[in-house]
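The values are calculated or read from the model by the stated rules, or taken from the named source; none is laboratory data. Not measured: the values here are computed from a predicted model. Glycine also receives a Cβ, built like all others from the backbone with ideal geometry; neighbour counts cover every protein chain displayed.
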Amino acid sequence: MAHHFQVAQFSALVPYGFYLLGQAMRKAVGYRKIQLRALFWATLIGFVGGAQNYLAMYNLPSFMAVQVLMLGYPFLAGIALIRYGLFDPHEIADTFRRDKLASIGIISAGINHEIRNPLYIVQGLGQAYKANVQDGVYKDKNIQLQEADEAMGKILHQADRALDIMKRFSLFAKQGVDDATRPQPTLVLDVVQNVLPLIGYELELDSIDFICEASKAACVLADPRHLEEIFFNLIVNACHAIKNNNKPAVIRVSTSEVKDGVRIIIADNGPGISQEQLPNLFVPFHTTKKGGTGLGLYIVKQLVQRNKGRITADSSPAGTTFAIELPAATLV
């Protein structure tokens with residue numbers, strides 16, 4: 001009985017798909033019409049081959065020529081898709097490149113912003129000490145040495161701060177160099193604190209209030225590199241969504257316990273995403289942003305799933321909320 005239903009579906013939906021494709025072919029002009037014809041013939045061959053599977057269910061003879069043709073179908077379809085630009089590897093590679101350059105731009109701005117502050121402090125301490133020496137402020141050599149020692153201590157502290165910032169940027173840049181997932185007990189709060197220097201400039205530039213309500217005890221079993229990329233992408237997306245808000249912009253991160261896991265919420269009070277767009281949010285190359293690549297949220301979902309978690313999105317005119325559930329862990 002089940003196969004009757006499958007045959008009915010196949011017989012109804014596939015011809016309807018060809019009808020829609022035919023309508024598009026009639027409206028298309030120029031090279032686009034050639035592309036759609038290539039897609040039509042590649043799909044038609046697949047349809048004929050798929051129909052052969054149902055003939056055996058009803059003890060009907062199949063055609064040997066079609067069976068032979070289906071052996072080469074993947075190669076013929078692949079040639080057609082690439083030859084007529086239906087699947088352009090150069091365009092896809094360029095899309096990935098643009099997405100990577102966008103992240104590099106954000107990180108570069110963050111480096112400039114975060115490193116500048118400790119350098120200004122070091123410069124100020126050095127200039128103040130030099131000016132005091134030139135003005136003869138230090139009448140006593142012991143006092144001068146004491147002042148110099150205090151200044152050097154502060155300078156070393158700021159140098160350590162700058163090096164720590166660079167280390168965080170370096171670790172983030174190196175993530176994803178291999179496909180291995182290395183889950184380990186990871187505090188959510190630590191991940192937030194590692195990502196904040198990367199996007200601090202974006203938050204400050206757009207006057208966004210970042211509120212972290214993550215529990216200090218919230219611990220998940222996940223690859224910390226993946227978590228940092230997940231948080232980076234979601235928070236940057238939220239920044240872009242509320243950039244031109246007519247109300248005070250807020251991004252909020254919170255955690256709660258669920259059965260056998262931890263739920264992480266990343267929410268903004270932006271204009272929200274339409275209900276029509278919401279189902280396609282994690283589909284590759286689907287984007288609602290001008291100049292977007294449509295890869296950020298797709299990558300986020302892949303990383304969440306690789307860490308045995310799940311991610312959902314909800315949106316309304318009051319804002320957008322992403323909920324991530326990951327297995328709970330305990331720090332040893």
Next on the checklist: On the basis of being more than 16 Å from P118 (Cβ to Cβ), touching a strand residue (DSSP E or B) at 6+ places or on another chain (Cβ under 9 Å) and either assigned to a helix (DSSP H, G or I) or at pLDDT below 85 (or both), does L189 make the cut?
Outcome noted: yes
Against the condition touching a Phe, Trp or Tyr at 6+ places or on another chain (Cβ under 8 Å) and either at pLDDT 85 or above or assigned to a helix (DSSP H, G or I) (or both), how does P118 come out, does it pass? no
Only unsatisfied item for G291, checking (1) buried (at least 16 other Cβ atoms within 10 Å of the Cβ); (2) farther than 23 Å from I211 by Cβ; (3) modelled with pLDDT under 90, is (1)
Of (1) in a strand (DSSP E or B); (2) small (G, A, S); (3) closer than 14 Å to T320 by Cα, A238 satisfies every one except (1)
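Condition test on L198, is it surrounded by 20 or more Cβ atoms within 10 Å (Cβ to Cβ) and in the same structural domain as F322 (by TED's automatic domain parsing)?
Working: surrounded by 20 or more Cβ atoms within 10 Å (Cβ to Cβ): yes; in the same structural domain as F322 (by TED's automatic domain parsing): yes.
The answer is yes for L198.
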